[in-house]
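Participant: Got a structure for you, written out below as structure tokens; questions coming shortly.
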Amino acid sequence: QRARSQFAQAVADLAARPQSIDTLRSAGVVYLLRPLLLDVVPSIRQTTALALGRLADYDVELAQAVVKAGILPHLICALPEENRYYKKAAAYVIRAIAKHSPQLAHSVVQCGALEMLVICLEDFDPGVKEGASWALGYIARHNSELSQAVVDAGAVPLLVLCIQEPEIALKRIAASTLSDISKHSPELAQTVVDARAIVHLAQMIPNPDAKLKRQVLSALSQIAKHSVDLAELVVEAEIFPVVLTCLKDSDEYVKKNGATLIREIAKHTPELSQFIVNSGGVAAVIDCIGSCRGTVRLPGIMTLGYVAAHSENLSMAVIVSKGIPPLCVCLIEEQEDHIKAAAAWALGQIGRHSAEHARHVAVANVLPTLLDIFVDTRSSEDLKVKASRFKALKNILQKCTHLPALEPLLHEAPPSILKHIIGQFSKVLPHDSKARRLFVTTGGLKKVQEIQAEPGSLLQEYINTINNCYPEEIVR
């Protein structure tokens, strides 16, 4: 008995050290441990399960070896009668196998693990509930089919009970699992809503524990993202204005997840965006963008774009709240291409409604920056990113009649952009004598004469319209 106990303990200790794993693998340790799972001594069974969990957790090959060795049925069949230490270790093995791939998670489900994990969710010990909740989350996160299997096993109402328990660690894991279930489809999110999860999640937003707040905000985001109805249910749980305090949190992930939740609500309808504006949400998001760096900024940037996209009034609300300067800062400061692209997209949404909207963007001196990024050869090769930049620039240019901001672009814009700039000049110059004078003295008219346009093209029409504003000798 002592030898068996020492062997299981030694393997468990070695499995915790990455440098030992290859030696254990080549020794076929999984098959050596298998008989010890059926040992008469409970402590040996526990230690063996712990060792198998650590091995399976390390890499996908060892997780597959545990499945191939037929260990899961042994591990699961006796679970209800075992003590809490064994239950925790068994849940750890299931989690460690399920995390690697949908195929391995499916193997776990086929062995009847879900039913046993759901029984563990009703255990009196919070540690057992936590282990079971964690394993269920690792199964559900892969795809909607596995998530549905977790739902069908009856896990959701018990997970909602778990988030109401006093233990912070259990609350965190249960909220995370509800997030993993909700993310795949509106139907799965609705199942979580039907179990009255929203109201309990919303009550935990002010909790001082940062890790819990992260998971709560993530779960609410995953519910809200699917449809207008689900987003409205989240808003009705009175998450505003308390969620705005998360944007000032010292934890970067709380900030990011708070901004993501607001983004998922804002994107659906003008009414939901208006509600966010009325709650002071836009101003809070703008402050958040200004106070952080990198990917934490991204959901806030997208929120401003979604709000502005809905209507002229909402776009003006972003402008009045001084949303343009921090977006310009993101364009200059950020290194990641996708963040720059998001900032460009948001500016495009703000500027596309009218000449007044475009003027606000133009006077922030953002057009040269946008143009530089667009033509920069080091910019991302990702076509989607490039297209978003081109569209953003085009959206602003097509409405912009603020000629002082457009003129510098004449000298450096590529043909694809030049057409839109010349088009705006051809709209404004015929009706504005002061602008016509400035256009000559600043060298704009001279630049127009240098442009080679195809006869009969739209660009040539624009150039002709501009030339017709002046006497022939000045054009010459």
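Participant: Restricting to segment 412-439, name every residue that is open to solvent by 60 Å² or more (accessible area, probe 1.4 Å) and among the aliphatic types (A, V, I, L, M).
Facilitator: Correct list: L438 only.
Participant: Return only the number of the condition from (1) of a type outside the set (D, E, K, R); (2) open to solvent by 40 Å² or more (accessible area, probe 1.4 Å); (3) part of a helix (DSSP H, G or I) that A317 does not satisfy.
Facilitator: (2)
Participant: Within segment 196-205, is there a residue that is among the aliphatic types (A, V, I, L, M), over 16 Å from L178 (Cα atoms) and not assigned by the TED database to the domain that holds K255? I'd like the intermediate steps shown before the answer.
Facilitator: Start the filter on segment 196-205 by keeping residues that are among the aliphatic types (A, V, I, L, M), which leaves 197-199, 201-202, 204-205.
Going one step further and asking which of them are over 16 Å from L178 (Cα atoms), we end up with none.
No: segment 196-205 contains no residue that is among the aliphatic types (A, V, I, L, M), over 16 Å from L178 (Cα atoms) and not assigned by the TED database to the domain that holds K255.
Participant: Between a residue in segment 321-340 that is in contact (Cβ under 8 Å) with a residue 24 or more places away in the chain and any residue that is outside any helix (DSSP H, G or I) and of a type in the set (S, T, N, Q), which pairs come within a Cβ distance under 7 Å, given they are 6 or more apart or on different chains?
Facilitator: Within 7 Å, the pairs are D337/S379; D337/S380.
Participant: Can you report the number of residues in segment 13-48 which are polar (S, T, N, Q) and either closer than 17 Å to K87 by Cβ or touching a residue at least 60 places away in the same chain (Cβ under 8 Å) (or both)?
Facilitator: Step one: of segment 13-48, the residues polar (S, T, N, Q) are 19-20, 23, 26, 43, 46-48.
Then drop every residue that is not either closer than 17 Å to K87 by Cβ or touching a residue at least 60 places away in the same chain (Cβ under 8 Å) (or both), which leaves 43, 46-48.
The number of residues fulfilling the criteria is 4.
Participant: Output the qualifying pairs, or none if there are none: Cβ atoms under 8 angstrom, residues six or more apart or on different chains, first residue in segment 465-476 and open to solvent by 60 Å² or more (accessible area, probe 1.4 Å), second residue assigned to a helix (DSSP H, G or I).
Facilitator: N468/P430; I474/V440; I474/L445
Participant: A further question on this structure: Go through segment 288-314 and give me each residue that's of a type in the set (V, I, T) and surrounded by 24 or more Cβ atoms within 10 Å (Cβ to Cβ).
Facilitator: Within segment 288-314, I289, I301, T303, V307 meet the criteria.
Participant: For A283, which of the numbered conditions (1) over 23 Å from Q335 (Cβ atoms); (2) assigned by the TED database to the domain that holds I350; (3) touching a Ser or Thr at 6+ places or on another chain (Cβ under 8 Å); (4) crowded, with 19+ Cβ neighbours inside 10 Å fails to hold?
Facilitator: That leaves (4) as the condition not met.
Participant: Considering only helices (runs of 4 or more DSSP H) fully contained in segment 84-188, which possess at least 1 residues that are open to solvent by less than 40 Å² (accessible area, probe 1.4 Å) and more than 22 Å from A65 (Cα to Cα)?
Facilitator: Values: elements: 84-98, 102-110, 113-121, 126-140, 144-152, 155-162, 168-182.
Correct list: 113-121, 126-140, 144-152, 155-162, 168-182.
Participant: Among the residues of segment 189-214, what is the count of those that are open to solvent by 10 Å² or more (accessible area, probe 1.4 Å) and either outside any helix (DSSP H, G or I) or under 16 Å from S250 (Cα atoms) (or both)?
Facilitator: Result for segment 189-214: 11.
Participant: Where residues in segment 421-449 are in a helix (DSSP H, G or I) and either of a type in the set (G, A, S) or at pLDDT below 85 (or both), which of them is nearest to I474 (Cα to Cα)?
Facilitator: Looking only at segment 421-449, we keep the residues that are in a helix (DSSP H, G or I), and these are 421-431, 433-441, 444-449.
Then drop every residue that is not either of a type in the set (G, A, S) or at pLDDT below 85 (or both), which leaves 423, 426, 433, 435, 444.
Details: G423: 20, S426: 17, S433: 15, A435: 15, G444: 12 Å.
Out of the qualifying residues, it is G444.
Participant: If I ask for residues that are open to solvent by 20 Å² or more (accessible area, probe 1.4 Å) and touching a helix residue (DSSP H, G or I) at 6+ places or on another chain (Cβ under 6 Å), which ones from segment 265-280 would you list? Before the answer, list the steps.
Facilitator: So in segment 265-280, the residues open to solvent by 20 Å² or more (accessible area, probe 1.4 Å) come out as 267-271, 274-275, 277-280.
Matches in segment 265-280: K267, H268, T269, P270, V277.
The values are calculated or read from the model by the stated rules, or taken from the named source; none is laboratory data. Everything numeric here is computed off the predicted structure, so don't read it as measured data. Every residue, glycine as well, gets a Cβ built from its backbone with ideal geometry; the counts of neighbours run over all protein chains shown. Heavy atoms of the whole protein, side chains included, go into the accessibility calculation; ligands, DNA and RNA do not. Shrake-Rupley method; radii C 1.70, N 1.55, O 1.52, S 1.80 Å.
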